[in-house]
Amino acid sequence: MTGAQLKQEIIAYSKSIGIDKIGFASADPFDELKERLKTQQELGYQSGFEESDIEKRTNPELLLPGAKTIIAVALAYPSKMKNPPQSTKKERRGLFARASWGTDYHDVLRDRLRKLEAFLLSKVPEAKVSSMVDTGALSDRAVAERAGIGWSGKNTMTITPEFGSYVYLGELITNILIEPDTPIEDGCGDCNLCVDACPTGALEQGGQLNANKCIAFLTQTKGFLKDEYRAKLGNRLYGCDTCQLVCPKNKRVDFHNHPEMEPDPEVVKPKLVPLLKISNREFKEKFGPIAGSWRGKKPIQRNAILALAHYKDQSAVDDLIDLVEQDPRPVIRGTSAWALGKIGGERAGFALKLAKKRENDEEVQAEIDKGLKMLENEA
């Protein structure tokens, strides 16, 4: 079998297992990316979630000796929810970003890549293969760009001509030489909507993201959120879609190609108040299957508290008071205290004054003081 025949068979098989787009790239080092990553590191723009070794992120040979080809894949996910529940004054709701709708995309992509690995090995038994999704060392976006899946947009996401940026990416490295595809020309042009619309200014310029200011990153942190970002969170519980929603390339893009990616509206747009006291078991049962649960329940609960403060939801006051008085986690106690100050009212003020006498944690004390100050300003 020639390399061209193998390539066509891989493409045909990929379609049969539900891969929406596939591309082929050389496994040469990503030298240009290496320089960009060094700059990001020097500026302190990295989140800390990514692989810290820049060499591993940019040299496929370190991940698979003898690497010659990288096969990039993309799966399109939905951008619109069918029959979404409405957030009302009586029942405020939070929101998980679209990339967390449906079954955890890591599991979905790994399933497709495992099948692709098995197919390649059935055709070339002596082949070496290694696949990865998101959590791997390689930059999915750089691979996808080189393989012609899409271009890297100013919002730092891969934008495909067919599916916009609503795609999950993965890749398979092999020592088999397969003719590479041609990269796609950049399609952003003069458009700067995503940079202008970013709620926190995390897009320092087109194509450069300060991850530490990005709401998608901030929703996944476990500590106290800086004051300057709390109001920016809105009702987001996990992730942020603003830079995707304003992108013209995503206009009228909504694909429902994979049943496992369909969102459960009550999971991805849940009521906020019940989240405040959800048990570990209940959290795992309800949210465990989605990508947005990977950091555990504390960040989601903290974000729910901030969302209730954003709405100034009086119905949450009693539960927030309970958290201030009883929760063993300083971040939850302190954030609840701040939220009570933001929501306001006599009960909130009385509870914060009592908490100030009782609380021993310095950070929580600082949050109580912020809450009391907001109440004083309200009076």
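Any residue at all in region 299-313 that's over 25 Å from Asp369 (Cβ atoms) and not charged (D, E, K, R)? Yes; the residues of region 299-313 include at least one that is over 25 Å from Asp369 (Cβ atoms) and not charged (D, E, K, R).
Which ranges mark the helices (runs of 4 or more DSSP H) fully within region 261-352 that have 3 or more residues being closer than 20 Å to Ala366 by Cβ and of a type in the set (Val, Ile, Thr)? Working first, answer last.
Details: elements: 265-268, 280-287, 297-311, 317-326, 330-343.
Correct list: 330-343.
Note on region 240-260: residues that are surrounded by fewer than 21 Cβ atoms within 10 Å (Cβ to Cβ), in contact with a Lys or Arg (Cβ under 9 Å, 6 or more places away or on another chain) and either within 17 Å of Leu218 (Cα to Cα) or among the aromatic types (Phe, Trp, Tyr) (or both) amount to 1. Ile278 meets the stated requirement of being among the aliphatic types (A, V, I, L, M), without any contact (Cβ under 8 Å) to a residue 24 or more places away in the chain and either surrounded by 15 or more Cβ atoms within 10 Å (Cβ to Cβ) or touching a Leu at 6+ places or on another chain (Cβ under 7 Å) (or both).
Selection of first residues in region 187-211 that are more than 23 Å from Pro161 (Cβ to Cβ) and of second residues that are among the acidic types (Asp, Glu) and not in a helix (DSSP H, G or I), restricted to Cβ pairs under 9 Å at least 6 apart or on distinct chains, gives the following pairs, ordered by first then second residue: Asn210/Glu204; Ala211/Glu50. Taken together, Lys7, Lys68, Lys21 contain a single residue that is buried (at least 16 other Cβ atoms within 10 Å of the Cβ), closer than 29 Å to Val124 by Cα, in contact with a Leu (Cβ under 6 Å, 6 or more places away or on another chain) and modelled with pLDDT of 85 or more, which is Lys68.
Across region 43-65, the number of residues qualifying as part of a helix (DSSP H, G or I), modelled with pLDDT under 90 and within 23 Å of Tyr168 (Cβ to Cβ) comes to 3.
Can you spot a residue in region 170-178 that is of a type in the set (Ser, Thr, Tyr), buried (at least 17 other Cβ atoms within 10 Å of the Cβ) and over 28 Å from Gln8 (Cβ atoms)? No, region 170-178 contains no residue that is of a type in the set (Ser, Thr, Tyr), buried (at least 17 other Cβ atoms within 10 Å of the Cβ) and over 28 Å from Gln8 (Cβ atoms). Against the numbered list (1) surrounded by 15 or more Cβ atoms within 10 Å (Cβ to Cβ); (2) free of Cβ contacts under 8 Å to residues at least 60 places away in the same chain, Glu126 comes up short only at (1). Scanning region 327-366 for residues that are under 30 Å from the mean Cα position of the chain (by Cα), more than 13 Å from Leu306 (Cα to Cα) and surrounded by 24 or more Cβ atoms within 10 Å (Cβ to Cβ) gives a single hit, Val364. If the condition is being part of a loop (DSSP other than H, G, I, E, B) and of a type outside the set (Asp, Glu), then region 1-39 contributes Met1, Thr2, Ile17, Gly18, Ile19, Ala27, Pro29, Phe30.
Of all the criteria given as (1) crowded, with 22+ Cβ neighbours inside 10 Å; (2) closer than 20 Å to Glu91 by Cβ, the one not satisfied by Pro299 is (2). Just one residue in the set Glu117, Glu145 is in contact (Cβ under 8 Å) with a residue 40 or more places away in the chain and in a helix (DSSP H, G or I); that residue is Glu117.
Can you tell me how many residues in region 35-65 are surrounded by 15 or more Cβ atoms within 10 Å (Cβ to Cβ), within 30 Å of Gly18 (Cβ to Cβ) and of a type in the set (A, V, I, L, M, F, W, C)? Residues in region 35-65 being surrounded by 15 or more Cβ atoms within 10 Å (Cβ to Cβ), within 30 Å of Gly18 (Cβ to Cβ) and of a type in the set (A, V, I, L, M, F, W, C): 2 in total. Taking region 87-128 as the range and being of a type in the set (S, T, N, Q) and under 23 Å from the mean Cα position of the chain (by Cα) as the test, the residues that pass are Ser87, Ser100, Thr103. All conditions in (1) in contact with a helix residue (DSSP H, G or I) (Cβ under 8 Å, 6 or more places away or on another chain); (2) part of a loop (DSSP other than H, G, I, E, B); (3) at pLDDT below 95 hold for Ser79, with the sole exception of (3).
If the condition is being of a type in the set (D, E, K, R) and either under 20 Å from Tyr13 (Cβ atoms) or part of a helix (DSSP H, G or I) (or both), then region 120-142 contributes Lys123, Glu126, Lys128, Asp140, Arg141.
Could you tell me whether region 263-286 includes any residue that is touching a strand residue (DSSP E or B) at 6+ places or on another chain (Cβ under 9 Å) and over 21 Å from Glu91 (Cβ atoms)? Checking region 263-286: not a single residue is touching a strand residue (DSSP E or B) at 6+ places or on another chain (Cβ under 9 Å) and over 21 Å from Glu91 (Cβ atoms).
Among the conditions (1) among the acidic types (Asp, Glu); (2) surrounded by 17 or more Cβ atoms within 10 Å (Cβ to Cβ); (3) within 28 Å of Val267 (Cα to Cα), Glu145 misses just one, which is (3).
The values are calculated or read from the model by the stated rules, or taken from the named source; none is laboratory data. As the structure is a computational prediction, the values presented were derived from the model and not from experiment. Backbone-built Cβ (ideal geometry, glycine too); neighbour counts: all protein chains shown.
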